[in-house]
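Here's the structure, in structure tokens; my notes come after.
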């Protein structure tokens with residue numbers, strides 16, 4: 001199925017609720033298009049997918065594949081790993097194995113909910129021997145959702161600083177439909193021009209986390225290290241003083257923003273979510289590498305934790 005009218009697109013939205021956006025290669029798909037069409041027809045079935053080359057959410061440099069089930073989308077991603085996911089695949093309003101269709105931006109989507117209970121003093125103790133300035137004010141423990149303020153550790157030009165930032169980096173302009181930008185919470189494609197500008201040490205950060213959640217049919221499955229005292233951080237990127245409209249009622253605001261990196265899942269997370277997990281760092285040497293090393297070295301940390309490094313745990317208690 002190719003380009004659709006708006007009425008047909010509405011039908012597809014209902015019949016094919018899992019959507020994946022692909023970048024169109026610079027020189028076009030060429031023979032890869034024939035191979036992709038043949039694979040979809042024989043492996044997924046002609047009645048079980050739709051191919052949009054235009055219309056809502058799709059531009060000349062992107063196409064959209066619609067599927068009936070997440071497993072079909074996952075199989076397609078695995079079969080054609082050379083075809084790059086488009087920026088915006090994980091944004092609210094789009095869907096893929098990373099973001100089930102129909103969830104609002106406030107829902108607990110993939111890698112969009114975590115718990116943070118490490119005290120500020122404990123964070124400073126983890127970096128003994130390194131100068132750290134605490135500019136975060138009061139950091140209350142509890143769950144962190146998209147667009148909320150949460151603590152991050154970053155360079156201030158001379159030493160480290162602990163600050164609060166808003167969860168959600170600036171979205172690629174091509175995916176914004178209105179002036180409002182809810183932000184991108186998860187970043188995986190480090191080759192994207194949109195993200196490359198923020199990959200240097202000046203824009204990297206560590207995001208303290210105690211446990212994180214992945215969505216399941218009814219609620220969330222939480223993950224944490226088997227030893228509860230194991231400190232861990234998400235590998236993140238950040239930008240300071242970014243002006244945008246996050247909420248229409250607030251108008252344009254200037255905010256420090258951050259997002260977390262994702263990667264392929266380890267065994268524990270894969271049992272719940274087959275395509276992605278946050279980049280989690282538990283080794284102090286990796287913390288320093290992520291904050292300071294050239295991206296050619298630091299980028300190698302975009303990898304899953306070893307199998308067995310996480311346990312499936314109960315949801316954390318609500319902060320009192």
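The values are calculated or read from the model by the stated rules, or taken from the named source; none is laboratory data. Bear in mind the structure is a predicted one, so any value in this text is a computation, not a measurement. Here the Cβ positions follow ideal geometry from the backbone for every residue, glycine too, while neighbour counts run over all protein chains shown.
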Being buried (at least 19 other Cβ atoms within 10 Å of the Cβ), in the same structural domain as residue 197 (by TED's automatic domain parsing) and under 25 Å from residue 78 (Cα atoms) is the requirement here; does residue 291 meet it? no
Look at the range 62-94 and say how many of its residues are modelled with pLDDT of 70 or more, within 19 Å of residue 177 (Cβ to Cβ) and in a loop (DSSP other than H, G, I, E, B). 0
Does the range 95-125 hold any residues that are on the phi < 0 side of the Ramachandran plot, part of a loop (DSSP other than H, G, I, E, B) and modelled with pLDDT under 50, and which are they? 95, 97, 98, 100, 101, 103, 104, 105, 106, 107, 108, 109
Among 238, 214, which is in contact with a helix residue (DSSP H, G or I) (Cβ under 7 Å, 6 or more places away or on another chain), crowded, with 19+ Cβ neighbours inside 10 Å, within 30 Å of residue 157 (Cα to Cα) and touching a residue at least 12 places away in the same chain (Cβ under 8 Å)? 238
Show the residue pairs meeting these rules: Cβ distance below 6 Å; 6+ apart or different chains; first residue within the range 264-278 and assigned by TED's automatic domain parsing to the domain that holds residue 185; second residue buried (at least 19 other Cβ atoms within 10 Å of the Cβ) and in a helix (DSSP H, G or I). 277/269
